[in-house]
Amino acid sequence: MAAIVTYLVIFTVISSALAYDPDMLQDLCVANTHAGIKVNGFTCKAEGNVTEADFFFDGLAKPGKVNNSVGSLVTGANVEKIPGLNTLGVSLSRIDYAPDGLNPPHTHPRATEMIFVLEGELDVGFITTANKLISKTVKKGEVFVFPRGLVHFQKNNGDKEASVIAAFNSQLPGTQSIAMTLFTSTPAVPDNVLTKAFQVGTKEIVKIKTKLAPKKS
């Protein structure tokens with residue numbers, strides 16, 4: 001636990017200096033998520049209405065229940081969950097992996113990501129714009145960094161569950177899953193674009209879209 005706390009403190013200091021979000025101009029600006037005003041971030045809640053609850057979240061304390069086909073679950077602790085993060089330029093996530101679970105290739109357009117392995121062992125990596133894969137196996141207590149905007153992934157190749165804490169230098173880093181973005185967007189990416197890009201037939205594209213389509217309740 002001491003190692004986790006030390007890691008989070010170090011990351012917070014570094015990210016404050018290198019944050020991609022705009023710098024804060026006041027002590028705090030707790031997000032008013034119900035203001036109905038569109039700005040780059042969120043407008044500030046009246047200071048008289050600010051409470052300790054605006055700076056607290058216990059959603060990362062326990063493993064999440066993984067119940068999907070890829071075998072991973074991301075629990076965010078960003079400005080949408082912690083309004084007090086507004087303008088502070090930091091956030092966290094917890095990622096839990098079932099045995100053989102995958103956090104599929106994705107990007108964070110607004111932040112660099114740093115993971116700290118809580119339990120288990122993961123194969124992780126990112127791909128540069130020169131199409132070079134940078135990858136490593138990371139174990140409990142170890143750290144790995146994914147540069148802002150680059151496609152990256154984490155894979156649990158073990159037979160036990162794994163989990164990490166991920167830190168970001170943005171209050172809302174955003175996530176784009178490569179497969180979900182291309183095959184489940186609304187409106188849909190035209191099939192002839194996908195068949196040309198992946199050099200496969202329409203049947204293969206339709207099959208992938210069917211597998212990735214959100215399950216109807």
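The values are calculated or read from the model by the stated rules, or taken from the named source; none is laboratory data. Note that the coordinates shown come from a computational prediction; the quantities given were computed from them, not determined experimentally. Because the Cβ atoms are built from the backbone with ideal geometry, glycine has one as well, and the counts that use them run over all protein chains shown. Ligands, DNA and RNA are excluded from the accessible area calculation, which covers all protein heavy atoms including side chains. Shrake-Rupley method; radii C 1.70, N 1.55, O 1.52, S 1.80 Å.
Mind listing whichever residues of segment 29-46 are open to solvent by 80 Å² or more (accessible area, probe 1.4 Å) and touching a residue at least 12 places away in the same chain (Cβ under 8 Å)?
Within segment 29-46, 40 is the sole residue that qualifies.
When segment 86-104 is examined, which residues are found to be on the phi < 0 side of the Ramachandran plot, open to solvent by 20 Å² or more (accessible area, probe 1.4 Å) and either among the small types (Gly, Ala, Ser) or not in a strand (DSSP E or B) (or both)?
Selection gives 88, 90, 98, 99.
Residues to consider are 98, 53, 77; find the one that is closer than 16 Å to residue 161 by Cβ and either touching a Pro at 6+ places or on another chain (Cβ under 7 Å) or modelled with pLDDT of 95 or more (or both).
Values: 53 fails: closer than 16 Å to residue 161 by Cβ; 77 fails: closer than 16 Å to residue 161 by Cβ.
On inspection, the qualifying residue turns out to be 98.
What are the pairs, 6+ residues apart or on separate chains, where a residue within segment 125-151 that is in contact (Cβ under 8 Å) with a residue 60 or more places away in the chain and assigned by the TED database to the domain that holds residue 165 has its Cβ under 7 Å from a residue that is among the aliphatic types (A, V, I, L, M) and open to solvent by less than 70 Å² (accessible area, probe 1.4 Å)?
Here the result reads 141/3; 141/117; 143/114; 143/115; 148/111, each pair linking segment 125-151 to a residue that is among the aliphatic types (A, V, I, L, M) and open to solvent by less than 70 Å² (accessible area, probe 1.4 Å).
Take the residues in segment 61-85 that are crowded, with 19+ Cβ neighbours inside 10 Å and hydrophobic (A, V, I, L, M, F, W, C); name whichever of them is nearest to residue 122 (Cα to Cα).
For segment 61-85, the residue satisfying everything is 73.
Looking at residue 55 and the list (1) under 26 Å from residue 140 (Cβ atoms); (2) open to solvent by 60 Å² or more (accessible area, probe 1.4 Å), which single condition is not satisfied?
(1) is the only condition that residue 55 fails.
Hey, residue 8 hits all of (1) of a type in the set (A, V, I, L, M); (2) over 28 Å from residue 147 (Cβ atoms); (3) outside any loop (DSSP other than H, G, I, E, B); (4) at pLDDT below 90 but one; which does it fall short on?
So residue 8 meets the others, but not (2).
Looking only at residues that are hydroxyl-bearing (Ser, Thr, Tyr) and within 15 Å of residue 72 (Cα to Cα) in segment 155-175, which one is most open to solvent (accessible area, probe 1.4 Å)? It would help to see each step written out before you state the result.
Our first condition is that a residue be hydroxyl-bearing (Ser, Thr, Tyr); within segment 155-175, this holds for 163, 170, 175.
Of the ones still in play, those that are also within 15 Å of residue 72 (Cα to Cα) are 163, 175.
On the way: 163: 6, 175: 95 Å².
Among residues in segment 155-175 that are hydroxyl-bearing (Ser, Thr, Tyr) and within 15 Å of residue 72 (Cα to Cα), the one most open to solvent (accessible area, probe 1.4 Å) is 175.
Go through segment 108-122 and count every residue that is buried (at least 20 other Cβ atoms within 10 Å of the Cβ) and assigned to a strand (DSSP E or B).
Going residue by residue through segment 108-122, those that are buried (at least 20 other Cβ atoms within 10 Å of the Cβ) are 108, 111-117, 120, 122.
Keeping just the survivors that are assigned to a strand (DSSP E or B) gives 113-117, 122.
Residues meeting the conditions: 6.
Looking at (1) assigned to a strand (DSSP E or B); (2) under 22 Å from residue 213 (Cα atoms), can you tell me which one residue 137 breaks?
(2)
Filtering segment 140-154 down to residues that are part of a strand (DSSP E or B) and open to solvent by 40 Å² or more (accessible area, probe 1.4 Å), which residue is nearest to residue 95 (Cα to Cα)? Full working, then the answer.
So the first thing to find is which residues in segment 140-154 are part of a strand (DSSP E or B), and the list is 143-146, 152-154.
Keeping just the survivors that are open to solvent by 40 Å² or more (accessible area, probe 1.4 Å) gives 143, 145, 153.
Numbers: 143: 14, 145: 15, 153: 12 Å.
Top of the filtered list is 153.
Of the numbered conditions (1) in contact (Cβ under 8 Å) with a residue 24 or more places away in the chain; (2) surrounded by fewer than 13 Cβ atoms within 10 Å (Cβ to Cβ); (3) of a type in the set (D, E, K, R), residue 215 fails exactly one; give the number of that condition.
Unmet condition: (1).
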